[in-house]
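The values are calculated or read from the model by the stated rules, or taken from the named source; none is laboratory data. This one's a predicted model, so the numbers in the text were calculated from it and none came from an experiment. Heads up, the Cβs are rebuilt from the backbone with ideal geometry, glycines too, and the neighbour counts pull from every protein chain shown.
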Amino acid sequence: MLGLSETRVRVIAPFIGGGFGPKIMMFYPEEVLIPWASVALERPVKWIEDREENFVATTHERGQIHDAEIALRRDGKILGVKDVFLHDTGAYAPYGLTVPINSQCTLLGCYDVPNYASEFTAVFTTLPIVTPYRGAGRQHGVFVMERLLDLAARELEIDRAEIRRRNFLDPDSFPVNHEIIYQDFEPLVYDSGNYEPILDQALEKIGYEEFIRKTQPALRAEGKLVGIGVVTYVEGTGIGPYEGARVQVQASGKVAVATGIGSQGQGHMTSFAQIVADQVGVSVRDVEVTTGDTDLFHWGAGTFASRGAVVAGNAIHAAAKAVRKKILAFAGKEFEVAENDLELVDGKVRVKGVPGKELSLGELALRANPMRGAVEPGTEPGLEATDYFGPERGATASGVHAMIVEVDPETLDVDIQRYVVVHDCGEVINPLILDGQIQGGVAQGIGNAFFEEIVFSEEGQILNASFMDYLLPTALDVPRIESGHQVTPSPLNPLGIKGAGEAGAIPVGALFAQAVEDALADTGIEILEIPLKPCRLWELTQAAKTSGC
């Protein structure tokens, strides 16, 4: 757009604290206007927007209205689901139909749905532009399906957890082709999964049976409004098209890694370093990872759709394996031994069982880049490699969230007593980082369920474009998350991993509605919307009383 060669443009994406989706838009106008102004003025130009401008100009999400129905046998087995919905796409659609497509696909969840009819209409409105926000339409689909099952369980007098169990896809049925087209324009195929152990672990952690039989009746006898919720979800992760990476052993013994993917707090530096360290036999501290700098790595698609570890991680793994192969081949010639007789340990390559016969990787890197003589045909100088990974389709992570809440009978404020997440994202690279991703996602999900809502006037003006008026959950509102993991490796990539970045946020709205509805069961309230808030709960309870429920 600026009429420049790509070699004259350098883009550096530094750590920004959080992306969460709105930064995914192809570009905001400022992103081309600022460098244009800089070129025209021949001086640096900086763009700063205030909070109100940010509320108005940043893309939004979450506005959908669903008309859904479910057919079941008397024993609770699903026969079919029909869902027709409107999707508010705002004034423009720069990111296409990804959000409603995700809603349409994610609705199927962990369940065997033999008949599914879905239709959506994307509606242009005068509101801000809509693009993906953490979860990107998946919250909507999960909310609809989980609420349908809750309503069915009540009518059929089947336990809420049991009706889900009866409809789980059989673990022997994978891969499961749902035929419906996913956001990567390929049929939605579940690559792997085993849902019942996840549910069992979550129910055990939350103490589901004990709560239902003893704790809840006792607390209700004391006048406390307590409820429990259990929901499931499947998340499509790790879509293409590709990511790439370069791994290089330096003369210092440090290993440099560069990839085109950006980082916004996902823990890439640690996770990617672990992948490389496992292959080349160095400490994680000796791996230096750089992301999001086009001078160091040109090609990449981006951090979105829970794909960083899956796609970039496997590209880094491939490049690191190639470097390992080079190390062993070159060291084999240096030591005049077979490659199988070598091992990589503590930043050194050494001959097995021969004390002292070793070289540091830094020294080996120097020798592999000779300043005299000739490079042998078919070889390359240095100990480095560049590789790419592009999955044939996305992997599918899954999980179960469970929660116990208490509702204040006077204010209708909701206090989360306990929160359990059991998650399957395939092989786990770093459990602590994974738990952090889930914790952050749940915090955002709680905001989505009970706090955050953009309010517009009839003329379409935002009425709460500041943190004075726009509510966010604080540390007082977000409980400690009790997490567990179930590992079902993905067959779609060498590391067997699936994405986890959005998993914490996706099912919270449905869980919140179920648990609060359970706490207020005596009122006859039926919750079919998110976000909630105390005043809205009061309106719903009053409406239930008026209708004679």
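The strands (runs of 3 or more DSSP E) located wholly in the stretch 323-424 that include 2 or more residues which are modelled with pLDDT of 90 or more and over 30 Å from LEU107 (Cα atoms) occupy 342-345, 348-351, 358-360, 383-389. Considering only residues in the stretch 66-95 that are small (Gly, Ala, Ser) and assigned to a strand (DSSP E or B), the one that is farthest from ILE158 (Cα to Cα) turns out to be GLY90. Against the test of being more than 21 Å from GLY80 (Cα to Cα) and either out of contact with any Leu (no Cβ under 7 Å at 6 or more places or on another chain) or not small (Gly, Ala, Ser) (or both), the options ALA117, ALA153, ALA93 yield a single qualifying residue, ALA93. In the condition set (1) buried (at least 19 other Cβ atoms within 10 Å of the Cβ); (2) in a loop (DSSP other than H, G, I, E, B), GLY441 is compliant with all but (2). All told, ALA503 meets the bar of being touching a Phe, Trp or Tyr at 6+ places or on another chain (Cβ under 9 Å), part of a loop (DSSP other than H, G, I, E, B) and under 30 Å from TYR190 (Cα atoms). Of all the residues in the stretch 229-249, those that are surrounded by fewer than 23 Cβ atoms within 10 Å (Cβ to Cβ) and modelled with pLDDT of 95 or more number 2.
In the stretch 176-186, of all residues being touching a residue at least 24 places away in the same chain (Cβ under 8 Å) and either part of a strand (DSSP E or B) or out of contact with any helix residue (DSSP H, G or I) (no Cβ under 7 Å at 6 or more places or on another chain) (or both), the one that is farthest from ALA117 (Cα to Cα) corresponds to ASP184. Note on the stretch 471-500: residues that are of a type outside the set (A, V, I, L, M), more than 24 Å from PHE304 (Cβ to Cβ), in a loop (DSSP other than H, G, I, E, B) and in contact (Cβ under 8 Å) with a residue 40 or more places away in the chain total 4. Looking at the stretch 98-115, is at least one residue under 24 Å from the mean Cα position of the chain (by Cα), part of a loop (DSSP other than H, G, I, E, B) and either within 27 Å of SER457 (Cα to Cα) or not assigned by TED's automatic domain parsing to the domain that holds ASN448 (or both)? No, the conditions are met nowhere in the stretch 98-115. Looking across the stretch 102-160, just one residue is of a type in the set (Phe, Trp, Tyr), in contact with a strand residue (DSSP E or B) (Cβ under 7 Å, 6 or more places away or on another chain) and more than 22 Å from ASN177 (Cα to Cα), and that is PHE124. All of (1) under 30 Å from GLN183 (Cα atoms); (2) outside the structural domain of PHE512 (by TED's automatic domain parsing) hold for GLN248 with one exception: (1). Being in the same structural domain as ALA161 (by TED's automatic domain parsing) and either surrounded by fewer than 16 Cβ atoms within 10 Å (Cβ to Cβ) or of a type in the set (Ser, Thr, Tyr) (or both) holds for only one residue in PRO473, PRO494, PRO489, PRO531, and it is PRO494.
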